[in-house]
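See structure below.
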Amino acid sequence: MLPPALQSAVHNTLRSISRLRSTQPARMAALDASSFGRCTHVITRAIPDSLCHEALRMDGDSTVDLTKARHHHELYIGVLRNRLGLDVVELPADEGLPDAPFVEDTAIICEGTALITRPGAPSRRKEVDAVRKALQDLQMNVVEMTDESATLDGGDVLFTGREFFVGLSKRTNQRGAEILADTFKDYAVSTVPVCESLHLKSFCSMAGPNLIVIGSSEAAQKALKTMQQMSDHRYDKLTVPDDAAANCVYLNIPGKGHVLLHRAPEEFPESVKVFEKLKEHMLIPVANSELSKVDGCLTCCSLLINKSPEV
């Protein structure tokens, strides 16, 4: 057993290795709690026929019901546009890009700046072209990731309003995390190893300004412990029985308050019981059983943008 002083020194050293720091002297930025989750525009993309057989998947034996997948996707978009009143930009399907509906992986958006990613799967690299154009049309400050040694999927990026956590996975590497840190210099960026899941957000997401939803698996809990060790802030947590159910879409909509899109009760009934404890949230169940067969989560299907009036 190491002496307490040495234990502390080792812990601080490991922290500095996993935490990326820019040349900026201070990185203490934090969105006001009332601003976190604000959204005016959403980018989505239609599902091509090719998704059914050609989309990448961790489980190679899964069969997607394309009609059902499109129905779920239409309901998802309908919630955003009709129920929540957001301006939805729907990009057309591309049969040559079977994974393109998972637009979250193509850009990281924070406070008017959009970092175009370099997806970890080479077959997905061209997906960024249409998304880049849509972001430029929305007059966002678009930053390119040009380093060919870097990979970054948006599904590995958890923004808490105070800092970024970036999963180091099969799709995202250290160099990708470093470029994100260089792009968003006001925020601390910490890396989190992801071994058993596709992305960091395969088992976690934000459900409010200070609330992390986390799955119950050993891998999810280990990742949460790493995030707690890396952060200078203490977050509340909501633990759900199912890792996949921990991926939710949180929005802060004027006039509606805290809104949480979560997986439907017929898919994860025990996790839904946990969400029902969030009495101050508008809870909206959304089915996602078919896209989940090709590793699609709820956050995967949209890019959320808060476009200020002056932009």
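Here are some notes:
- The residues of the range 259-271 that are open to solvent by 10 Å² or more (accessible area, probe 1.4 Å) and more than 18 Å from the chain's Cα centre (by Cα), listed by number, are PRO265, GLU266, GLU267, PHE268, PRO269, GLU270.
- For the range 100-121, a residue qualifies if it is in a loop (DSSP other than H, G, I, E, B) and more than 19 Å from HIS73 (Cβ to Cβ), and the qualifying residues are GLU111, GLY112, THR117, ARG118, PRO119, GLY120, ALA121.
- Residue selection: VAL131 fails the criterion of being in contact with a Gly (Cβ under 9 Å, 6 or more places away or on another chain), among the hydrophobic types (A, V, I, L, M, F, W, C), modelled with pLDDT of 95 or more and open to solvent by less than 20 Å² (accessible area, probe 1.4 Å).
- For GLY85, the criteria (1) assigned to a loop (DSSP other than H, G, I, E, B); (2) under 27 Å from PHE184 (Cα atoms) hold in every case but one, which is (2).
- Unmet criterion (only one of (1) in a helix (DSSP H, G or I); (2) touching a Pro at 6+ places or on another chain (Cβ under 8 Å)) for LEU97: (1)
- Of residues in the range 50-70 being of a type in the set (D, E, K, R) and outside any loop (DSSP other than H, G, I, E, B), the one nearest to the chain's Cα centre (by Cα): ARG70
The values are calculated or read from the model by the stated rules, or taken from the named source; none is laboratory data. Predicted model, so just to flag it, every value in this text is computed and none were measured. FYI the Cβ positions are ideal-geometry reconstructions off the backbone, even for glycines, and counts take in every protein chain you see. Please note that ligands, DNA and RNA were not included when accessible areas were found on the heavy atoms of the full protein model with its side chains. Shrake-Rupley method; radii C 1.70, N 1.55, O 1.52, S 1.80 Å.
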